[in-house]
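Colleague: Below is a structure I'd like to ask you about.
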Amino acid sequence: MKPILSISDLAVSYGHIDAVKGIDLTLNEGEITALVGANGAGKSTSLLAISGLLKPKRGSVVFDGEDLTRLSPHRIVERGVVQVAEGRAILTTLTIAENLELGSYARRDKSGVARDLEWVYSLFPVLKSRANGLAGNLSGGEQQMLAIGRALMAKPRVLLLDEPSMGLAPIIVQGIFRTLQEINRTGLTILLVEQNVRQALRIAQRGYVLETGKIVLADSGQALLDDPKVVEAYLGG
Ligand SMILES: Nc1ncnc2c1ncn2[C@@H]1O[C@H](COP(=O)(O)OP(=O)(O)OP(=O)(O)O)[C@@H](O)[C@H]1O
Ligand SMILES: [Mg+2]
């Protein structure tokens with residue numbers, strides 16, 4: 001198992017509120033890592049710090065031998081660490097195809113972009129059949145698919161997701177999680193933040209449990225699913 005991204009002693013505050021209090025977390029290349037925890041535990045804050053949208057108070061996020069905390073969000077995306085837009089922040093007045101195109105704006109490899117577009121369309125056939133329709137007419141689940149597709153068009157080496165299941169019906173969530181596994185099988189490393197603890201740990205090789213800004217448990221996804229503390233706190237006894 002080869003680490004691809006290593007977080008050390010990461011601390012992030014909002015003014016006097018210490019949201020993340022010095023966490024260590026490693027993503028192994030080609031694995032799905034789940035970061036789970038209750039409301040307000042600091043999951044989104046951690047992702048925003050990795051993406052460069054929040055400046056940490058201390059600590060490092062090392063990717064490919066480089067500390068991402070020194071880079072702008074734009075440069076971090078260029079390096080290949082890409083977060084799926086929060087709340088499906090897709091551009092509703094543009095078409096689906098145009099939204100996907102935006103994901104690849106920084107790329108020069110035209111043939112690679114064309115290949116990835118076909119790949120995204122094969123992962124999410126509904127996006128292909130409605131490519132020229134307005135993104136605003138998509139359902140919640142389809143918008144989430146588009147947000148994931150747009151992130152894939154940036155050619156990520158690490159994909160970050162913040163609660164992709166939020167607000168979606170269980171059957172849709174199943175589909176999204178299956179597709180994340182399919183994406184992972186191509187070798188793409190994924191950091192998955194979820195409140196849907198059971199499903200996230202099921203598809204994750206490794207998981208971390210965050211409580212009030214601190215990592216309290218780290219183990220394989222399966223070991224965490226079997227851990228009585230996890231069962232009691234997050235899986236409804
Ligand atoms: N913009 C902000 N200003 C001040 N405090 C914030 C801000 N955003 C988050 N917080 C606080 O930081 C802590 C961590 O919040 P964060 O959003 O990272 O948690 P989370 O684990 O993502 O929760 P959720 O499951 O609800 O999404 C919480 O105490 C929250 O109230
Ligand atoms: Mg959150």
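Colleague: Dipole of the chain, Cα-centred, from +1 at each Lys and Arg C-beta and -1 at each Asp and Glu C-beta, to the nearest 20 debye? Please report the intermediate quantities before stating the final value.
Modeller: Values: 26 positive and 25 negative charges, 91 e Å.
Computed charge dipole of the chain: roughly 440 debye.
Colleague: Given a cut-off of under 8 Å on Cα pairs at least six residues apart, what relative contact order in percent is computed for the stretch 10-155? Kindly include the intermediate steps, with their values, before the conclusion.
Modeller: Working: 178 pairs, mean separation 32.8, N = 146.
Computed value for the stretch 10-155: 22 percent relative contact order.
Colleague: Please give the length that would be gained between TRP119 and ARG185 if that part of the chain were fully extended, namely 0.36 nm times their separation in residues minus their C-alpha to C-alpha distance (nm, one decimal).
Modeller: Values: separation 66, 0.36 × 66 = 23.76 nm, distance 1.32 nm.
Using 0.36 nm per residue and subtracting the Cα-Cα distance, I get 22.4 nm.
Colleague: Just reorder TYR105, TYR208, TYR14 by solvent-accessible area, largest first, 1.4 Å probe, all chains present.
Modeller: Output order, biggest surface exposure first: TYR105, TYR14, TYR208.
Colleague: Also, I was wondering about something else. Which FRET efficiency value, to the nearest 0.05, is calculated for ASN28 and LYS128 with the Förster distance at 45 angstrom and r the Cβ-Cβ distance? Please report the intermediate quantities before stating the final value.
Modeller: Working: r = 32 Å, r/R0 = 0.72.
The computed FRET efficiency comes out at 0.90.
Colleague: Okay, moving on. Treat every Asp and Glu Cβ in the stretch 73-123 as -1 and every Lys and Arg Cβ as +1, leave all other atoms uncharged, and give the resulting dipole magnitude about the Cα centre to the nearest 20 debye.
Modeller: Roughly 180 debye for the stretch 73-123.
Colleague: Now for a different question. Using 0.36 nm times the number of residues separating SER220 and ALA169, minus their current alpha carbon distance, what extension gain do you get?
Modeller: Gain in length upon complete extension: 15.7 nm.
Colleague: According to the Kirkwood expression over distinct Cα-Cα pairs, how big is the hydrodynamic radius of the chain, in Å?
Modeller: Radius from the Kirkwood sum: 18.1 Å.
Colleague: May I pose another question? Sticking with the crude label model, points 7 Å out along Cα→Cβ, report the distance from LYS229 to HIS74 in nm, one decimal please.
Modeller: 4.3 nm
Colleague: Share of the stretch 86-155's accessible area from carbon and sulfur, percent, 1.4 Å?
Modeller: C and S atoms contribute 55 percent here.
Colleague: Averaged per residue, what accessible area in Å² does the stretch 86-155 show with a 1.4 Å probe, protein chains only? Mind dumping the intermediate values first?
Modeller: Numbers: 3530 Å² over 70 residues.
With the other protein chains kept in place, the stretch 86-155 gives 50 Å² per residue.
Colleague: Next question. So, with +1 on the Cβ of K and R and -1 on the Cβ of D and E, and no other charges, what is the size of the charge dipole of the stretch 86-155 about its Cα centre, to the nearest 20 debye?
Modeller: On the way: 9 positive and 7 negative charges, 33 e Å.
Its charge dipole is roughly 160 debye.
Colleague: For the chain, compute the number of Lys pairs whose alpha carbons are separated by less than 17 Å, excluding pairs fewer than 8 positions apart on the same chain.
Modeller: Summing the qualifying lysine pairs gives 10.
The values are calculated or read from the model by the stated rules, or taken from the named source; none is laboratory data. Quick caveat: nothing in here was measured; it's all calculated off a predicted structure. Neighbour counts run over all protein chains shown; Cβ positions are idealised from the backbone, glycine included. Note: accessible area is taken over every heavy atom of the protein model, side chains too, but ligands, DNA and RNA are not part of it. Shrake-Rupley method; radii C 1.70, N 1.55, O 1.52, S 1.80 Å.
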